[in-house]
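The block underneath contains the structure these notes are about, expressed in structure tokens.
The values are calculated or read from the model by the stated rules, or taken from the named source; none is laboratory data. Quick caveat, the model's predicted, so the values are computed rather than measured. Here the Cβ positions follow ideal geometry from the backbone for every residue, glycine too, while neighbour counts run over all protein chains shown. SASA here: full protein model, heavy atoms, side chains in, ligands and nucleic acids out. Shrake-Rupley method; radii C 1.70, N 1.55, O 1.52, S 1.80 Å.
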There are 4 protein chains.
Amino acid sequence: MTITTALPRAHGAGREESASDVGRLVVSCPDGPGIVAKVSTFLHRRGANIIQSDQYSTGPVGGRFFLRVEFHLPCLTSQLAELTGDFATEVGSAIGGTFRFRDAGAVTRVAVFVSRYDHCLLDLLWRTRRGELPVEVVQVVSNHSDLAADVAAFGVPFERVPVTRETKRSAEHRQLELLRGRVDLVVLARYMQILSAEFLDTIGVPVINIHHSFLPAFAGAGPYERAKERGVKLIGATAHYATEDLDEGPIIEQDVVRVSHRATSAELSRRGADIERTVLARAVKWHCEERVLVDGRTTIVF
Amino acid sequence: MTITTALPRAHGAGREESASDVGRLVVSCPDGPGIVAKVSTFLHRRGANIIQSDQYSTGPVGGRFFLRVEFHLPCLTSQLAELTGDFATEVGSAIGGTFRFRDAGAVTRVAVFVSRYDHCLLDLLWRTRRGELPVEVVQVVSNHSDLAADVAAFGVPFERVPVTRETKRSAEHRQLELLRGRVDLVVLARYMQILSAEFLDTIGVPVINIHHSFLPAFAGAGPYERAKERGVKLIGATAHYATEDLDEGPIIEQDVVRVSHRATSAELSRRGADIERTVLARAVKWHCEERVLVDGRTTIVF
Amino acid sequence: MTITTALPRAHGAGREESASDVGRLVVSCPDGPGIVAKVSTFLHRRGANIIQSDQYSTGPVGGRFFLRVEFHLPCLTSQLAELTGDFATEVGSAIGGTFRFRDAGAVTRVAVFVSRYDHCLLDLLWRTRRGELPVEVVQVVSNHSDLAADVAAFGVPFERVPVTRETKRSAEHRQLELLRGRVDLVVLARYMQILSAEFLDTIGVPVINIHHSFLPAFAGAGPYERAKERGVKLIGATAHYATEDLDEGPIIEQDVVRVSHRATSAELSRRGADIERTVLARAVKWHCEERVLVDGRTTIVF
Amino acid sequence: MTITTALPRAHGAGREESASDVGRLVVSCPDGPGIVAKVSTFLHRRGANIIQSDQYSTGPVGGRFFLRVEFHLPCLTSQLAELTGDFATEVGSAIGGTFRFRDAGAVTRVAVFVSRYDHCLLDLLWRTRRGELPVEVVQVVSNHSDLAADVAAFGVPFERVPVTRETKRSAEHRQLELLRGRVDLVVLARYMQILSAEFLDTIGVPVINIHHSFLPAFAGAGPYERAKERGVKLIGATAHYATEDLDEGPIIEQDVVRVSHRATSAELSRRGADIERTVLARAVKWHCEERVLVDGRTTIVF
């Protein structure tokens, strides 16, 4: 069984000492009899009291089993390493798959990529400042400089990395240099460049993307104009994990808003921006709370 | 200016005499100054009192103007022909485009095409019986016989017209023979055959279709299975006018329902059925109330 | 620990023999350490393989714990009594609270109470016939005779029990006589009479009610007229368990639909009817699938 | 007929000269024959070309008629006074009621009242800065100082006016002194004080309020806790015009979001905050675009 390393706590040593006593265990393994009995017996013997537990199986025979447990355990932080090791020996070897233990108070270190549209970026920064998201935005990266001052106002580092067809490889090299080892999550907050498969491989952390969505879909340029032409009555947004096939990764969250023929394509775009920022914020929050488990091309959202 | 003939009243001569005094005027013409002044002055002079009026312009310069007026006029039915003639002379010739006057109490004669799924068909029949839809279902046509008894229970004629790749042309010929001159609207209530361009041309009345919709769209077979694979969080339905390019006609109405990873593809399909019948019923109602005006590939829904 | 008796299988002995091998265990008890470990170890030892499991705690200290497990176990039906007895001894006595085992293929026997509005009743009958709801409607009771023929068409017994202020007690007596021992659930599908506390006590099975809901609420007569007067933009419906305090019981499901100032109060009422039947159908389905656990005045819906 | 004075243009004389050529006429009068004919003939003769027009009647006999026209007219700004005078003479005297002409490019001067919750205030400031709202926020007033720095960052004047039971009258006096003649609209963006009837009378401009809404409603303190207790599945927000009867004024806009039993009351409150800011922003936008016409206790929203 693979052990996923726990997140470092982001806010320095001072916070370590006042660590919460709430932890999370996330398991993904082949389904089979007795998994819950083994896991819950392990936690019970350790003195962990389950606060919330969600599980899902894609099918008892040949399916995959997903479990997310939130538990209370005094002095959790100092026991994480030992818990992880013992679980691997006592449970993991029997059930296979992957698992991770994590301090529920851990802060996810996030890099936000953005181009010129500010709505998703500012909403994330603002929610972070209010304490709505368990994240620290450690870096904003943009291929334009338009939003530098907005980001500075939040005290967050901003780096412009211009990208052209010719410089794409070196730009990604610069981005990786900037972020390597510093982030647990990359959020594409209306970043209008396609990241290469090499980038996605090398960065080694999940990447969440947001894009507009319609019924039906309009691929390519000018989607709001084309939605307008077709008389679309609902416009929406989809947050998903980025994969090589752009816009084809596992979906985390979606929502829509109703529009009428009176809305201009500019108004559709404004309404779309509202949905995009709401959907992206939910996706980031749920991801950081480890509620989103990926199963191939689909997701389990607990 | 083209004059669209008014609908016959569907319920026989007896009803003629107790005709309502409420009429509708629908106008679609090139936008330009003074249209509303001309139309409203015409109606005012005739003694018609406007109850509701909606208008929309795609742009004052070079755009198209759409108007739907509901008005009260004593003894409307006996004046419809004269109103139509006078409007053509006094207003229509000046503003161009098309218009039609209609008795708001007129009943739209509908043929429903269906295959094996019963939910949309039964919902339409049931709403018609309760008086929710201003329609008379004069014929149900199916390529299967499964739903014959259900339709008979509503006292509506049911005709099976089997369709295979080889017999499609003769099947459509039979359908046209059955319906010609008897219907004002065809509703495809989960009819799993594609109608030919010739059929659409020859039938000469609008055809409304319903189909499932997702964010993103999944074209082709097994859409609910594929939506499930991708982790879709919203499933929806779209009602639209059928055109030669299947599923590409002007959209009338759309709606969605939220689903989670726990829903099986069978459950997605059941939830989809609920949305489909609701969306189709709205689209049929609005069409029959003449609230839906087509502008190229888009719609104005008043 | 209290043992809730399992539902009889509704469709006769023939069905008993071809029983499914899927069962459900629902537990509600004081939260405390080790519950999941005990339950899952019990099931594991019996050879039951967990298909789906949901749990929720209102708080690890002093809170209440809710668990719903769906499991696969060959020859389940013949083992239910033994499972129940053994669970009571081995687990129930330790954790307290209540539990029940049930065959997931069991059909819930339902009585529907209705007055004159047909939309909720017909929707339930229709969904039952299509196999969407795991129920058998064994009796329709109405204080009016309007819907007798509609019900007869579904082959379901219909009984008129008129109710006036004076005859209410004897009417309820007649209703109880009719239903006692024959039903597992009563559904008030727009039944415009208030059931007495005595009735609710004596009938001894859950009662689900549906009523319109608005933001804000409009108590009393003519709610759609009053919603219209106030310019309400959303109308909704709430399905809840009936308690003595009418419309104050634990909420099972709610939904809304958007309306505009153009909708007359008659149209609001029609839109409301669509929401009511959808929300009621969901509530009945979830109840029968034992997804709804009551916790005082609130619900857990798995 | 009463003439409502047109809004001054807010951005100084420089802007006057580059005035747009788009105007709006809003009429509210007793319904009767020929109103649209008179109004449209008046506009047509003046060379105004109608871009968009919405009308609504509460009933042709004894009802009230509402009209909103957006029109194009070269050199509109310099003609507004004359248009207003001529309309009063030529049309207004015949139809009665009230009307106003306004430059569609005019900016609405807004005062925002707030207590400690920042979400509605910051969303309004942020949308204003992006150009999404046709407003200028000229003053923020708060009974607390918590949000002073946030407001300063947007370059908007902030004034703390503490309010206690004893000082309420003098506090309102100070508020009126601060705002009189400087604002066209007051927005209560989670202002936790009740404004007196005298304040509402004296300020003389519309006041928009936002508050949480549930199905059913929970009046009084701790609404999210009480919604949680009851198992509410939808939480919402209502934007309405403030009247003496708090929370009872005409409703402008409402929306809801779905929640489950897993959401804590803190999470309900966060989800509520998202809905509140979205609903308030829509209400303010529509009000400033003069899409909201008040009819007694209800609204027409075009």
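Quick look at the numbers
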{"read-out": "All positions within the range A:50-78 that are farther than 29 Å from C:Leu73 by Cα and more than 7 Å from every other protein chain (Cβ to nearest Cβ)", "value": "A:Phe71, A:Leu73, A:Pro74, A:Cys75, A:Leu76, A:Thr77, A:Ser78"}
{"read-out": "Checking B:Arg130 against (1) charged (D, E, K, R); (2) open to solvent by 20 Å² or more (accessible area, probe 1.4 Å); (3) at pLDDT 95 or above, the condition it does not meet", "value": "(3)"}
{"read-out": "Hits in the range C:68-124 - residues which are aromatic (Phe, Trp, Tyr) and open to solvent by 20 Å² or more (accessible area, probe 1.4 Å)", "value": "C:Tyr117"}
{"read-out": "Lone qualifier among B:Val257, B:Val294 - being in a strand (DSSP E or B), open to solvent by 10 Å² or more (accessible area, probe 1.4 Å), within 11 Å of chain A (Cβ to nearest Cβ) and out of contact with any Lys or Arg (no Cβ under 6 Å at 6 or more places or on another chain)", "value": "B:Val294"}
{"read-out": "Which numbered condition A:Arg230 fails, given (1) out of contact with any helix residue (DSSP H, G or I) (no Cβ under 9 Å at 6 or more places or on another chain); (2) open to solvent by 10 Å² or more (accessible area, probe 1.4 Å); (3) more than 29 Å from A:Lys168 (Cα to Cα)", "value": "(2)"}
{"read-out": "Any chance D:Val161 is open to solvent by less than 40 Å² (accessible area, probe 1.4 Å), more than 14 Å from chain C (Cβ to nearest Cβ) and under 17 Å from the mean Cα position of the chain (by Cα)", "value": "no"}
{"read-out": "Among (1) closer than 21 Å to B:Lys228 by Cα; (2) surrounded by 21 or more Cβ atoms within 10 Å (Cβ to Cβ); (3) not acidic (Asp, Glu), the one test that A:Thr243 misses", "value": "(2)"}
{"read-out": "Single residue of A:Leu67, A:Leu43, A:Leu80 found to be part of a helix (DSSP H, G or I) and under 21 Å from C:Gly32 (Cβ atoms)", "value": "A:Leu43"}
{"read-out": "Failed item in (1) more than 13 Å from chain A (Cβ to nearest Cβ); (2) farther than 30 Å from A:Val292 by Cβ; (3) open to solvent by less than 10 Å² (accessible area, probe 1.4 Å), with B:Ala273 passing the rest", "value": "(2)"}
{"read-out": "Test: residue in the range A:36-58 that is in contact with an Asp or Glu (Cβ under 7 Å, 6 or more places away or on another chain) and β-branched (Val, Ile, Thr)", "value": "yes"}
{"read-out": "Close pairs (7 angstrom Cβ cut-off, 6 or more residues apart or separate chains): hydrophobic (A, V, I, L, M, F, W, C) in the range D:245-264, in a loop (DSSP other than H, G, I, E, B) and open to solvent by less than 30 Å² (accessible area, probe 1.4 Å) anywhere", "value": "D:Ile251/C:Gly231; D:Ile251/C:Val232; D:Ile251/C:Lys233; D:Val259/D:Lys233"}
{"read-out": "Residues of the range B:28-49 satisfying the condition of being hydroxyl-bearing (Ser, Thr, Tyr) and more than 8 Å from chain D (Cβ to nearest Cβ)", "value": "B:Ser28"}
{"read-out": "So D:Asp150, is it within 14 Å of another protein chain (Cβ to nearest Cβ) and modelled with pLDDT under 95", "value": "yes"}
{"read-out": "Matching residues, the range A:94-152, being within 30 Å of A:Gly32 (Cβ to Cβ) and of a type outside the set (A, V, I, L, M, F, W, C)", "value": "A:Gly96, A:Gly97, A:Thr98, A:Arg100, A:Arg102, A:Asp103"}
{"read-out": "Of all residues making up the range A:86-131, the number that are in contact with a strand residue (DSSP E or B) (Cβ under 7 Å, 6 or more places away or on another chain) and free of Cβ contacts under 8 Å to residues at least 40 places away in the same chain", "value": "2"}
{"read-out": "Single match in C:Thr238, C:Thr202 (criterion: open to solvent by 60 Å² or more (accessible area, probe 1.4 Å), among the polar types (S, T, N, Q) and either at pLDDT below 95 or within 19 Å of the chain's Cα centre (by Cα) (or both))", "value": "C:Thr202"}
{"read-out": "Any hit, the range D:104-119, residues being part of a helix (DSSP H, G or I) and among the β-branched types (Val, Ile, Thr)", "value": "no"}
{"read-out": "The range C:29-39 - residue that is open to solvent by 10 Å² or more (accessible area, probe 1.4 Å), under 27 Å from the mean Cα position of the chain (by Cα) and not β-branched (Val, Ile, Thr) and, of those, nearest to C:Gly92 (Cα to Cα)", "value": "C:Pro30"}
{"read-out": "Lone qualifier among D:Arg282, D:Arg270 - being touching an Asp or Glu at 6+ places or on another chain (Cβ under 9 Å), among the basic types (Lys, Arg) and free of Cβ contacts under 8 Å to residues at least 24 places away in the same chain", "value": "D:Arg270"}
{"read-out": "A:Glu248 being of a type in the set (D, E, K, R), open to solvent by 10 Å² or more (accessible area, probe 1.4 Å), part of a loop (DSSP other than H, G, I, E, B) and at the interface with another protein chain (Cβ under 9 Å from one of its Cβ atoms)", "value": "yes"}
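Residue-by-condition table, conditions (1) touching a residue at least 60 places away in the same chain (Cβ under 8 Å); (2) of a type in the set (Gly, Ala, Ser); (3) closer than 22 Å to B:Thr108 by Cα:
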position: B:Leu133; (1), (2), (3): yes, no, yes
position: B:His144; (1), (2), (3): no, no, no
position: B:Val161; (1), (2), (3): no, no, no
position: B:Ser170; (1), (2), (3): no, yes, no
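Conditions tested, residue by residue: (1) out of contact with any helix residue (DSSP H, G or I) (no Cβ under 7 Å at 6 or more places or on another chain); (2) not assigned by TED's automatic domain parsing to the domain that holds A:Leu25.
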site: A:Gly97; (1), (2): yes, no
site: A:Leu121; (1), (2): yes, yes
site: A:Val135; (1), (2): no, yes
site: A:His144; (1), (2): yes, yes
site: A:Pro157; (1), (2): yes, yes
site: A:Ser170; (1), (2): yes, yes
site: A:Arg174; (1), (2): yes, yes
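For (1) charged (D, E, K, R); (2) assigned to a strand (DSSP E or B), each residue gets a yes or a no:
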{"position": "D:Ala227", "(1), (2)": "no, no"}
{"position": "D:Thr243", "(1), (2)": "no, no"}
{"position": "D:Ala266", "(1), (2)": "no, no"}
{"position": "D:Arg270", "(1), (2)": "yes, no"}
{"position": "D:Thr278", "(1), (2)": "no, no"}
{"position": "D:Lys285", "(1), (2)": "yes, no"}
{"position": "D:Ile300", "(1), (2)": "no, yes"}
